[in-house]
Amino acid sequence: MSRIDNTLSALKAQNRKALIPFVTAGFPYPAITPELMHGMAEAGADIIELGVPFSDPSADGPVIQKAGDRALAAGIGLPQVLAMVKKFRERNSTTPVVLMGYANPIERYDQKNGVGAFVRDASEAGVDGVLVVDYPPEECEDFARSLREHNMDLIFLLAPTSTDERMAQVARVASGYVYYVSLKGVTGAGTLDVSQVEAMLPRIRQHVSIPVGVGFGIRDADTARAIGRTADAVVIGSKLIQLIEDEPYEKVVPVAANFLRTIRNALDA
């Protein structure tokens, strides 16, 4: 079993929901990410999604795009992200880490370092899962197999517009969990419709047997608690990025941790 499987299975046994915060690697300061990851884990994060900065993101709203631009300007790319995970692993061997990003950096990494280099190096760094926004399930079965051979999971997005056929395709390849995008559009856009999520999750579970996390539009304890009633995990990204983007270095971790504690308490209430 992967670290993600172990974590989600333990939470299910305790009748608890997973809290999955997202932050962009290298934001808001290039060196802060491992420290921020530790702070989030100590505040109750069960899995950490780490965004790999990319110059042409298709699913990211303006808040996360801006964070990615700042990280890129500071020289943060996939090699630096892997180094951050490795640094985090020096003190934390239990909290799963998922890299979320796009195909281009991964394929460029393999071009420079050899076929299969990304999977090898991600595994050695301590990565547990990969979510590649622009990898359709029908085109990455070999990639999924390679990840599983290294105890890593390939995570996919599902959306309100996903058909039953698409859900079945994802179910054949995905492992760890699937990430249901609760809104049409990009991250941070629109208003969350809890009833729509509640109606969609049973449909997804007809096809998908692994846990279902929900993200996009979750911004506070109330929406997290509402989503947590039906989802297995709650993903929070844009709001967290907004809270820390203008903070001085020494306040970034406390601000992020205090916010996540309110979400953790709401999910456990």
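The values are calculated or read from the model by the stated rules, or taken from the named source; none is laboratory data. Remember, predicted model here, so these are calculated numbers, not experimental data. When we count neighbours, we look across all protein chains shown, and the Cβ atoms used for this are built from the backbone with ideal geometry, even at glycine.
Of note:
- Subset of region 100-124 (residues that are under 17 Å from the mean Cα position of the chain (by Cα) and surrounded by fewer than 19 Cβ atoms within 10 Å (Cβ to Cβ)): A103, S123
- Residue satisfying all of: in region 116-144; out of contact with any helix residue (DSSP H, G or I) (no Cβ under 7 Å at 6 or more places or on another chain), of a type outside the set (D, E, K, R) and modelled with pLDDT of 95 or more; farthest from L158 (Cα to Cα) among these: S123
- Across region 1-22, the number of residues qualifying as surrounded by 18 or more Cβ atoms within 10 Å (Cβ to Cβ), farther than 22 Å from D222 by Cβ and not charged (D, E, K, R) comes to 4.
- Screening R205, R172 for residues that are touching a helix residue (DSSP H, G or I) at 6+ places or on another chain (Cβ under 9 Å) and of a type in the set (D, E, K, R) leaves exactly one candidate, R172.
- I218 vs. criteria within 20 Å of the chain's Cα centre (by Cα), crowded, with 21+ Cβ neighbours inside 10 Å, of a type in the set (A, V, I, L, M, F, W, C) and not in a helix (DSSP H, G or I): yes
- When region 221-269 is filtered for residues that are of a type outside the set (D, E), closer than 20 Å to G68 by Cα and outside any helix (DSSP H, G or I), the ones remaining, listed by number, are V235, I236, G237, P248.
- Annotation: of all residues in region 221-238 being without any contact (Cβ under 8 Å) to a residue 40 or more places away in the chain and surrounded by fewer than 21 Cβ atoms within 10 Å (Cβ to Cβ), the one that is nearest to P28 (Cα to Cα) is A226.
- The residue that is modelled with the lowest pLDDT, counting only those in region 1-48 that are in contact with a Gly (Cβ under 7 Å, 6 or more places away or on another chain) and hydroxyl-bearing (S, T, Y), is S2.
- Residue that is nearest to L11 (Cα to Cα) [pool: residues in region 150-195 that are modelled with pLDDT under 90 and outside any loop (DSSP other than H, G, I, E, B)]: V194
- Among the residues here, E245 does not qualify as surrounded by fewer than 18 Cβ atoms within 10 Å (Cβ to Cβ) and either hydroxyl-bearing (S, T, Y) or farther than 25 Å from A43 by Cα (or both).
- So L147, is it among the hydrophobic types (A, V, I, L, M, F, W, C), under 15 Å from the mean Cα position of the chain (by Cα), within 26 Å of N6 (Cβ to Cβ) and crowded, with 17+ Cβ neighbours inside 10 Å: no
- Residues that are buried (at least 16 other Cβ atoms within 10 Å of the Cβ), touching a helix residue (DSSP H, G or I) at 6+ places or on another chain (Cβ under 8 Å) and of a type outside the set (A, V, I, L, M, F, W, C), drawn from region 67-85: G77
- Qualifying residue in region 190-206 (condition: more than 30 Å from E35 (Cα to Cα) and among the hydroxyl-bearing types (S, T, Y)): yes
- Meeting the requirement of 1 or more residues that are among the acidic types (D, E), within 23 Å of Y135 (Cβ to Cβ) and in contact (Cβ under 8 Å) with a residue 40 or more places away in the chain, the helices (runs of 4 or more DSSP H) wholly within region 1-90 are 3-13.
- Sole residue being small (G, A, S) and surrounded by 20 or more Cβ atoms within 10 Å (Cβ to Cβ), chosen from G26, G61: G26
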